[in-house]
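Asks: If you scroll down you'll find the structure; I have some questions about it.
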Amino acid sequence: MVTFDRLAGVPTHYDRTTAAEYGTRGHPATFQCGAQFKKKLDATFADVWTLMRQAEVITTAGAYVARAGMHGQGRAFDLDGLFWDHREFVTFRDGYQGRNRKLYYGVEAVLRRHFGTVLDFNYNADHLDHFHMDDSAAVGFRPGSKSLVLFVQAALNEFYAAGLAVDGIYGPKTRAALARHAGNVTALPAWLAWLADLARMGWAHV
């Protein structure tokens, strides 16, 4: 395990000490994760800074936790928000409550460029207030992945008004809409390029 108090040069803050602290910049804190996972987190947020803009604070519910699952292996991270000098991004408000879902899916798109597993508010109620990311699966589009299909459906609706049911089922309508607006994303370079486009479009709506 390694400890960290910043990712890609930006301080990491904890915002869960009290219920009222969530959605604020929280307070500086030190976290732990696996050494290789830390490198992935640094690359992820460096990508956010490139495709969007460098933030001043990253808020998180944590990384390593002494329990079963990917958190217990030091291979998971929960992102609550990002704070720029002129704008704040909070997962619950921008995603679930719909304040700025273009930005929400834009941020999620960057996370998916680096992690094969990302869970958002569409996945289940446990993720209404944070993104969960881990490296238990390879990066890339998999039609059989519920979380990936939910993201694709929601992003197609938000950015292209595709009118899809966000149900996690990769049916004919979803397949046709994805091909029409993103092309063949079964190849990894095409998938990564489309995610970068979504990130840029999300930031354009800040």
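Asks: Exactly one condition in (1) out of contact with any helix residue (DSSP H, G or I) (no Cβ under 6 Å at 6 or more places or on another chain); (2) surrounded by fewer than 23 Cβ atoms within 10 Å (Cβ to Cβ) is false for GLY140; which is it?
Replies: Condition not satisfied by GLY140: (1).
Asks: Sticking with this structure for a sec: For the list (1) in contact with a Phe, Trp or Tyr (Cβ under 7 Å, 6 or more places away or on another chain); (2) over 20 Å from SER136 (Cα atoms); (3) open to solvent by 60 Å² or more (accessible area, probe 1.4 Å), I need the number of the one condition that ARG75 fails.
Replies: Only one criterion in (1) in contact with a Phe, Trp or Tyr (Cβ under 7 Å, 6 or more places away or on another chain); (2) over 20 Å from SER136 (Cα atoms); (3) open to solvent by 60 Å² or more (accessible area, probe 1.4 Å) is unmet by ARG75, namely (2).
Asks: Mind checking whether some residue in segment 47-59 is hydroxyl-bearing (Ser, Thr, Tyr), closer than 27 Å to TRP191 by Cα and modelled with pLDDT of 95 or more? Even if it seems obvious, please write down each step before you answer.
Replies: Of all residues in segment 47-59, those hydroxyl-bearing (Ser, Thr, Tyr) come to 50, 59.
Imposing the further condition that a residue be closer than 27 Å to TRP191 by Cα reduces the set to 50.
The next check asks that each one be modelled with pLDDT of 95 or more; those that pass are 50.
Among the residues of segment 47-59, at least one is hydroxyl-bearing (Ser, Thr, Tyr), closer than 27 Å to TRP191 by Cα and modelled with pLDDT of 95 or more, which makes the answer yes.
Every residue, every condition in (1) buried (at least 21 other Cβ atoms within 10 Å of the Cβ); (2) of a type in the set (A, V, I, L, M); (3) under 19 Å from ASP47 (Cα atoms), yes or no:
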{"residue": "GLU88", "(1), (2), (3)": "no, no, yes"}
{"residue": "THR91", "(1), (2), (3)": "yes, no, yes"}
{"residue": "ARG99", "(1), (2), (3)": "no, no, no"}
{"residue": "LEU103", "(1), (2), (3)": "yes, yes, yes"}
{"residue": "VAL110", "(1), (2), (3)": "yes, yes, yes"}
{"residue": "GLY116", "(1), (2), (3)": "no, no, yes"}
{"residue": "PHE121", "(1), (2), (3)": "yes, no, no"}
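Asks: Could I ask something else about it? Which one is farthest from PHE115 (Cα to Cα) among residues in segment 62-101 that are basic (Lys, Arg) and in contact (Cβ under 8 Å) with a residue 60 or more places away in the chain?
Replies: Restricting to residues being basic (Lys, Arg) and in contact (Cβ under 8 Å) with a residue 60 or more places away in the chain, the top hit is ARG87.
Asks: Could you check, for segment 145-160, whether at least one of its residues is out of contact with any helix residue (DSSP H, G or I) (no Cβ under 6 Å at 6 or more places or on another chain) and exposed (fewer than 14 other Cβ atoms within 10 Å of the Cβ)?
Replies: No: segment 145-160 contains no residue that is out of contact with any helix residue (DSSP H, G or I) (no Cβ under 6 Å at 6 or more places or on another chain) and exposed (fewer than 14 other Cβ atoms within 10 Å of the Cβ).
Asks: Here is a further query. Which one of ASP5, ASP42 is surrounded by fewer than 19 Cβ atoms within 10 Å (Cβ to Cβ), of a type in the set (Asp, Glu) and in contact with a Pro (Cβ under 8 Å, 6 or more places away or on another chain)?
Replies: On the way: ASP42 fails: in contact with a Pro (Cβ under 8 Å, 6 or more places away or on another chain).
The match here is ASP5.
Asks: Pick from segment 16-39 the residues that are among the small types (Gly, Ala, Ser) and touching a residue at least 12 places away in the same chain (Cβ under 8 Å): which of them is most open to solvent (accessible area, probe 1.4 Å)?
Replies: Keep residues of segment 16-39 that are among the small types (Gly, Ala, Ser), which gives 19-20, 23, 26, 29, 34-35.
Still in the running and touching a residue at least 12 places away in the same chain (Cβ under 8 Å): 23, 26, 29, 34-35.
Values: GLY23: 9, GLY26: 28, ALA29: 23, GLY34: 16, ALA35: 52 Å².
Taking the candidates together, the pick is ALA35.
Asks: Okay, moving on. Just to be sure I understand, how many residues within segment 161-206 are open to solvent by 50 Å² or more (accessible area, probe 1.4 Å) and of a type in the set (S, T, N, Q)?
Replies: 2
The values are calculated or read from the model by the stated rules, or taken from the named source; none is laboratory data. No experiment lies behind these values; they were computed from the predicted model shown. Backbone-built Cβ (ideal geometry, glycine too); neighbour counts: all protein chains shown. These accessible areas exclude ligands, DNA and RNA; they are computed on the full protein's heavy atoms, side chains included. Shrake-Rupley method; radii C 1.70, N 1.55, O 1.52, S 1.80 Å.
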